[in-house]
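Notes follow once the structure below has been shown.
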Amino acid sequence: MLFMAAKKFYVTTPIYYVNDVPHIGTAYCTVCSDIIAKWHRLKGEDVRFLTGLDENSIKTYKAAEKLGRKTRKGIQEYTDDMAKKWKNVWKKLRIEYDGFVRTTELAHKKVVLDFFNKVNKKGDIYKGKYKGLYCEGCEAFVTEKELVNGLCPLHKTKPKELEEENYFFKLSKYQDRVLEHIEKDKNFIKPESKRQEVISFIKSGIKDVSISRPDYGWGINLSIDKKQVFWVWFDALLNYISGAEGRWPADLHVIGKDILRFHAVIWPAMLISAGYKLPKTIFAHGFLTINGQKISKSLGNAIEPVYLVEKYGLDSIRYFLAREVPFGQDGDFSEQVLKDRHNNELANKLGNLVSRVSALAEKYGIEKCENKLLHRLKLHEIEKLIENYELDKSLNEIFAFVDICNEFVQEKKPWETGDKNVLYELADSIKAIAILLWPFIPETSEKIAEQFSFKIRFDEIEKPLKEGRIKKHGILFKKL
Ligand code: MSP
């Protein structure tokens with residue numbers, strides 16, 4: 001027998017700063033990545049889904065300091081506490097990762113030091129003086145040109161003026177090679193508008209970047225100079241390798257648009273310098289906003305995802321995040337819209353369909369026949385949309401089929417006829433819907449699979465549903 005190894009898929013989220021707990025904006029990035037990971041799992045692929053925490057930041061140091069924890073041990077305890085909180089929120093959102101990197105772990109530090117040695121041996125590191133601005137919110141060196149009224153446009157804070165000795169990475173040396181790769185490989189940066197943005201940015205000229213800072217009592221010390229710690233981005237980007245478990249290069253880095261340049265310019269240059277392959281795709285999504293403002297802790301408009309899960313249910317939140325905002329664009333968060341989508345799409349359309357069909361199938365039974373109704377599901381299109389990360393559009397298509405099924409119920413009136421073939425077509429179509437929706441709303445899909453007795457696997461979509469007993473169930477989505 002010929003054994004076909006499963007296709008591999010390695011997807012990552014950014015690693016989050018631990019100075020605060022997750023909010024709905026950071027959850028957005030993680031939920032969408034989890035949906036993509038689950039989609040590939042559904043297809044039977046060998047998936048590695050990596051997330052984690054960016055702990056060696058000045059923000060961590062300051063947050064711990066505020067709580068009176070000033071020693072390395074105290075700061076480490078603070079990050080340990082925060083890591084528990086992050087993991088707990090991810091559990092509540094059913095984020096099912098395979099790897100979780102914390103950058104204070106020894107294994108990660110070793111990768112950073114080893115990688116730095118490679119870059120240094122290549123002759124790409126030199127000592128220099130940095131004089132300019134630094135935004136602690138971005139953890140980045142910024143230029144006057146990037147500020148709006150003297151403030152960082154993202155954090156609304158005034159960057160610090162610095163004059164310090166640092167080690168620099170010869171980023172400019174790799175400018176042409178990175179540009180060439182981005183221009184040649186249309187899949188490297190997505191969406192296309194972001195690829196164009198990066199191309200013009202590189203064409204405007206790139207300077208070398210400082211990759212260390214004077215030791216301030218936290219972070220990873222350089223092997224060649226213990227008075228310096230790695231600039232947090234040099235350290236953080238390497239999580240994708242320290243957490244790869246032999247899977248490098250990544251198939252997909254999901255990131256927010258604010259951190260695109262680090263990923264699309266500095267990261268590939270670092271990788272080329274150290275002799276590593278490049279990731280296949282970097283996808284930059286937009287911001288979740290409130291009244292047009294990015295949701296963030298520092299701006300004081302953050303909403304806790306756990307509060308929303310408790311109020312509206314896990315699947316409604318996951319569904320809303322993927323459905324409301326076209327992946328790659330900004331979108332406004334509103335509890336009212338969340339509620340409307342919960343009521344109109346999940347409760348009225350999907351919930352009603354499942355509850356009517358299961359009740360009638362329990363009463364009359366089902367009898368296998370050709371499922372012509374299922375021919376109207378645009379399966380191939382849905383697959384293409386998800387694999388092109390058009391999550392909102394794929395949900396639109398799936399729900400267009402839910403509408404078709406609801407119309408079919410109205411037209412065939414199985415409550416009057418008790419037609420077992422009609423009920424079979426409907427139950428078998430519900431199977432397809434629930435399987436396709438599993439990455440988005442796993443709890444609900446699993447409930448439906450139990451009611452209708454099928455396995456949640458992509459290749460079950462086109463296998464006929466077994467003529468077993470179908471059970472009526474409690475309400476899937478209570479109207480709010
Ligand atoms: N630690 C860096 C990432 C290092 S990756 C090697 C960082 N952390 S962060 O916690 O500030 O942000 C992590 C991710 O969350 C970013 O991709 C950012 O875009 C995303 N988001 C934070 N707020 C967000 C919204 N309001 N909306 C959508 N995504 C948001 O940057």
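The values are calculated or read from the model by the stated rules, or taken from the named source; none is laboratory data. Predicted model, so just to flag it, every value in this text is computed and none were measured. Heads up, the Cβs are rebuilt from the backbone with ideal geometry, glycines too, and the neighbour counts pull from every protein chain shown. Protein only, heavy atoms only, side chains kept; ligands, DNA and RNA dropped before computing areas. Shrake-Rupley method; radii C 1.70, N 1.55, O 1.52, S 1.80 Å.
So that you can scan it fast, the table gives a plain yes or no per residue for (1) over 22 Å from Glu450 (Cβ atoms); (2) open to solvent by 50 Å² or more (accessible area, probe 1.4 Å); (3) polar (S, T, N, Q); (4) at pLDDT below 95:
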| position | (1), (2), (3), (4) |
| --- | --- |
| Arg341 | yes, no, no, no |
| Leu353 | no, no, no, no |
| Val357 | no, no, no, no |
| Ile366 | no, no, no, no |
| Gln410 | yes, yes, yes, no |
### Task
For Gly205, state whether it is open to solvent by 10 Å² or more (accessible area, probe 1.4 Å), touching a residue at least 60 places away in the same chain (Cβ under 8 Å) and of a type in the set (Gly, Ala, Ser).
no
### Message
Anything in the range 39-48 that is surrounded by fewer than 23 Cβ atoms within 10 Å (Cβ to Cβ) and either among the hydrophobic types (A, V, I, L, M, F, W, C) or under 16 Å from Ile317 (Cα atoms) (or both)? List them, or say none.
### Response
Leu42
### Task
Taking only the range 385-439 into account, find how many residues are over 30 Å from Arg318 (Cα atoms) and either outside any helix (DSSP H, G or I) or not acidic (Asp, Glu) (or both).
10
### Message
Between a residue in the range 256-281 that is within 12 Å of the ligand (Cβ to nearest atom) and any residue that is of a type in the set (Lys, Arg) and in a helix (DSSP H, G or I), which pairs come within a Cβ distance under 7 Å, given they are 6 or more apart or on different chains?
### Response
Lys257/Lys194; Leu260/Lys194
## Note on the structure
Picked from the range 49-72 (must be more than 16 Å from the ligand (Cβ to nearest atom) and assigned to a helix (DSSP H, G or I)), the residue farthest from Cys138 (Cα to Cα) is Arg72
## Note on the structure
Going through the range 1-38 in order, the residues found to be open to solvent by 10 Å² or more (accessible area, probe 1.4 Å), outside any loop (DSSP other than H, G, I, E, B) and either within 9 Å of the ligand (Cβ to nearest atom) or farther than 18 Å from Leu252 by Cβ (or both) are Tyr16, Tyr17, Gly25, Thr26
### Query
Looking at the range 302-325, which of its residues are within 9 Å of the ligand (Cβ to nearest atom) and open to solvent by 20 Å² or more (accessible area, probe 1.4 Å)?
Ala302
### Task
Search the range 138-151 for residues being touching a Lys or Arg at 6+ places or on another chain (Cβ under 8 Å) and open to solvent by less than 40 Å² (accessible area, probe 1.4 Å), and hand back the single one that is nearest to the ligand (Cβ to nearest atom).
Glu139
